[in-house]
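J.: Input: one structure, supplied below.
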Amino acid sequence: MSHPETKQLFAEYVAPTYGRYDLVLERGEGVRVWDERGKCYLDFGAGIAVSALGHGHPAIVEALSRQGRRLIHTSNLYFTRPQGELAKRLVEIVGTPGKVFFANSGAEANEALIKLAKKYGNDEKRKSATARFEIITFEQSFHGRTMAGISATGQEKVKLGFAPLLPGFRHLPFNDLGAVERGISEETVAILVEPIQGEGGINPATPEFLTGLRRLCDQHGLLLMFDEIQCGLGRTGNWCGWKTVAPEVVPDAVSWAKAIGGGFPLGAAWFRAKSFTRQDGSEWQLCDVLQPGNHATTYGGTPLACSVSLAVLDTVLSNGLVEKSASLGAFLVNELAAIPGISAVRGKGLLIGMELDSQFDNLSDGKRLPSQVVVNKLMENGLLTVPAGPRVIRLLPPLIVEEEHVQQALEIIQLTLRSLLSSIG
Ligand SMILES: Cc1ncc(COP(=O)(O)O)c(C=O)c1O
């Protein structure tokens, strides 16, 4: 099937919920993907921070085929070994006792955190007559596209047309501890934060902000919940994104998705083993708040998904990819900072945002943001990247990326920006 025919299928049959680039991808291997005309691209988007092991990795293919032959799905009416093993591995990654709930996507993993917070507010011994239910989130945050996800997200554009939203979220300025201190009310029960904002433009929290949030949560009995969907599981140069910012902070709940399955859909939420007193005076654990009947999803933690995830995490570990993310990421950030046209470079490890300087605003054609125009040009020149806001371009290569790929990407970025700048000026 040709490129125009594929596009025609989408025009006729696929709901137009995505602004797609003019590219039909056909296959991938390692850090590279090919379109249906045979043109090769370096994939520095990795399916938006998903394909940690790149494309066609033998460890993923082997796990899919081994577990596929053995048992793909059972439902959560029964126990399966891979789900138990993966839960143990995730608890070890956090490094604090707790338990894990499995879902299928990032939005669903966050839904589990949101329900945990509401149920905790409902169950805990109350200081006032009403239950606490409000969750503080931050401006420019992104927490998914379900109704709870867009209600939690601190960006107006995702909410337009979907009123009434879910009540009980308060958005405060990111990295502003004073605003949080003033914003906590009698109804507040939790704080949900991306330790490094992804969609909002790669904005890392400051160490003072994360440690301050932990202190405020302890003072007020609030849950501190980290959305690690984009920044978690190795990309930042640490298994836990927040530990690249404030290693000593222990959260009460964490959500993951994206890299956890290396491309196979999976989400997960960790709840801390932390005691609290319930309304009837009994002692209970936060990780046991969601009981049978409180939360579920048919596909959550299938043997297939969990086996693939274990293979991904094993491979990241045995190949030293977390350490490699830190070192290659630092190299990439340094080199990017020297390229004319880039005004700032932010991020940790291989979660990198490069900000275009204001000259690039002249590229906007009214329909597309400057970042989208540049991402399109980079694509034409053989490099896939992802925009984040008007002027930020994300570089999120697979964690298996090598220095030669990074050098090649830098060359494409340099040449592309140079030619765009000369067309503007
Ligand atoms: C920080 C963060 N939270 C939640 C989500 C939603 O994840 P999903 O698209 O898998 O529902 C995303 C997706 O980009 C994300 O980056």
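The values are calculated or read from the model by the stated rules, or taken from the named source; none is laboratory data. Since the structure is predicted, the reported quantities are computational estimates derived from the model, not experimental observations. Please note: Cβ atoms are built from the backbone with ideal geometry, for glycine as well, and neighbour counts cover all protein chains shown.
J.: Assess whether A59 counts as being within 16 Å of the ligand (Cβ to nearest atom), modelled with pLDDT of 95 or more and of a type outside the set (F, W, Y).
T.: Criteria not met by A59.
J.: Moving to a separate point now. Please give the strands (runs of 3 or more DSSP E) falling wholly within segment 94-196 in which 2 or more residues are more than 12 Å from the ligand (Cβ to nearest atom), among the aromatic types (F, W, Y) and modelled with pLDDT of 95 or more. First the steps, then the outcome.
T.: Working: elements: 98-103, 134-138, 169-172, 188-193.
By residue number, 98-103.
J.: Consider D35 carefully, then state whether it is crowded, with 22+ Cβ neighbours inside 10 Å, in contact (Cβ under 8 Å) with a residue 12 or more places away in the chain, among the charged types (D, E, K, R) and in the same structural domain as K348 (by TED's automatic domain parsing). Break it down stepwise before answering.
T.: Working: crowded, with 22+ Cβ neighbours inside 10 Å: no; in contact (Cβ under 8 Å) with a residue 12 or more places away in the chain: yes; among the charged types (D, E, K, R): yes; in the same structural domain as K348 (by TED's automatic domain parsing): yes.
Answer is no for this residue.
J.: Report, by residue number, each residue of segment 331-354 that is surrounded by fewer than 20 Cβ atoms within 10 Å (Cβ to Cβ) and charged (D, E, K, R).
T.: E335, R346
J.: Going by what's in this entry, would L210 be described as within 12 Å of the ligand (Cβ to nearest atom), crowded, with 21+ Cβ neighbours inside 10 Å and assigned by TED's automatic domain parsing to the domain that holds W256? Reasoning before the result, please.
T.: Working: within 12 Å of the ligand (Cβ to nearest atom): no; crowded, with 21+ Cβ neighbours inside 10 Å: yes; assigned by TED's automatic domain parsing to the domain that holds W256: yes.
Taking the combined requirement at face value, the residue does not satisfy it.
J.: Do any residues in segment 235-260 that are under 23 Å from Q285 (Cβ atoms) and among the basic types (K, R) have Cβ atoms under 7 Å from those of residues that are assigned to a loop (DSSP other than H, G, I, E, B) and within 16 Å of the ligand (Cβ to nearest atom), where the two are at least six apart or on different chains, and which pairs are they?
T.: Close Cβ pairs satisfying both conditions: none exist.
Each row is one residue, and each column tells you yes or no for (1) in the same structural domain as P251 (by TED's automatic domain parsing); (2) on the phi > 0 side of the Ramachandran plot; (3) aliphatic (A, V, I, L, M).
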position	(1), (2), (3)
G144	yes, yes, no
M147	yes, no, yes
A152	yes, no, yes
E156	yes, no, no
G161	yes, yes, no
P167	yes, no, no
P173	yes, no, no
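J.: Quick check on A268: is it of a type in the set (A, V, I, L, M, F, W, C), out of contact with any Ser or Thr (no Cβ under 6 Å at 6 or more places or on another chain) and within 12 Å of the ligand (Cβ to nearest atom)?
T.: Values: of a type in the set (A, V, I, L, M, F, W, C): yes; out of contact with any Ser or Thr (no Cβ under 6 Å at 6 or more places or on another chain): yes; within 12 Å of the ligand (Cβ to nearest atom): yes.
Judged against the criteria, A268 is a match.
J.: Looking at R132, R126 in this structure, which one is surrounded by fewer than 23 Cβ atoms within 10 Å (Cβ to Cβ) and either within 30 Å of E187 (Cβ to Cβ) or in the same structural domain as V312 (by TED's automatic domain parsing) (or both)?
T.: On the way: R132 fails: surrounded by fewer than 23 Cβ atoms within 10 Å (Cβ to Cβ).
Of the residues listed, the single one that is surrounded by fewer than 23 Cβ atoms within 10 Å (Cβ to Cβ) and either within 30 Å of E187 (Cβ to Cβ) or in the same structural domain as V312 (by TED's automatic domain parsing) (or both) is R126.
J.: Follow-up. Looking at S151, S185, can you tell me which residue is small (G, A, S), farther than 20 Å from L310 by Cα and touching a Phe, Trp or Tyr at 6+ places or on another chain (Cβ under 7 Å)? Spell out how you get there, then give the answer.
T.: Values: S185 fails: touching a Phe, Trp or Tyr at 6+ places or on another chain (Cβ under 7 Å).
On inspection, the qualifying residue turns out to be S151.
J.: Another one. Let me spell it out: the conditions are (1) part of a helix (DSSP H, G or I); (2) in contact with a helix residue (DSSP H, G or I) (Cβ under 6 Å, 6 or more places away or on another chain); (3) not assigned by TED's automatic domain parsing to the domain that holds L286, and L42 meets all of them except one. Which number is the exception?
T.: (1)
J.: Oh, and also: Is it fair to say G84 is outside the structural domain of V100 (by TED's automatic domain parsing), at pLDDT 95 or above and outside any strand (DSSP E or B)?
T.: Values: outside the structural domain of V100 (by TED's automatic domain parsing): no; at pLDDT 95 or above: yes; outside any strand (DSSP E or B): yes.
Criteria not met by G84.
J.: For segment 71-87, state whether one or more residues are within 18 Å of L321 (Cβ to Cβ) and surrounded by fewer than 20 Cβ atoms within 10 Å (Cβ to Cβ).
T.: No, because not a single residue in segment 71-87 is within 18 Å of L321 (Cβ to Cβ) and surrounded by fewer than 20 Cβ atoms within 10 Å (Cβ to Cβ).
J.: Taking the stated definitions as given, is S65 surrounded by fewer than 13 Cβ atoms within 10 Å (Cβ to Cβ), part of a helix (DSSP H, G or I) and among the small types (G, A, S)?
T.: Numbers: surrounded by fewer than 13 Cβ atoms within 10 Å (Cβ to Cβ): yes; part of a helix (DSSP H, G or I): yes; among the small types (G, A, S): yes.
When the stated conditions are applied, S65 passes them.
J.: Determine whether A52 is under 23 Å from L25 (Cβ atoms) and not in a helix (DSSP H, G or I).
T.: Details: under 23 Å from L25 (Cβ atoms): yes; not in a helix (DSSP H, G or I): yes.
In short, yes.
J.: Give the residue, chosen from C287, C231, C240, that is among the hydrophobic types (A, V, I, L, M, F, W, C) and farther than 30 Å from P397 by Cβ.
T.: Values: C231 fails: farther than 30 Å from P397 by Cβ; C240 fails: farther than 30 Å from P397 by Cβ.
Result: C287 is the single residue among C287, C231, C240 that is among the hydrophobic types (A, V, I, L, M, F, W, C) and farther than 30 Å from P397 by Cβ.
J.: So, A273, is that one within 16 Å of the ligand (Cβ to nearest atom) and in contact with a helix residue (DSSP H, G or I) (Cβ under 8 Å, 6 or more places away or on another chain) or not?
T.: Values: within 16 Å of the ligand (Cβ to nearest atom): no; in contact with a helix residue (DSSP H, G or I) (Cβ under 8 Å, 6 or more places away or on another chain): yes.
Here the answer is no, as A273 does not meet what is asked.
J.: Spot the failing condition for D361; the list is (1) assigned to a helix (DSSP H, G or I); (2) at pLDDT 95 or above; (3) among the acidic types (D, E), and only one is missed.
T.: D361 satisfies every listed condition except (2).
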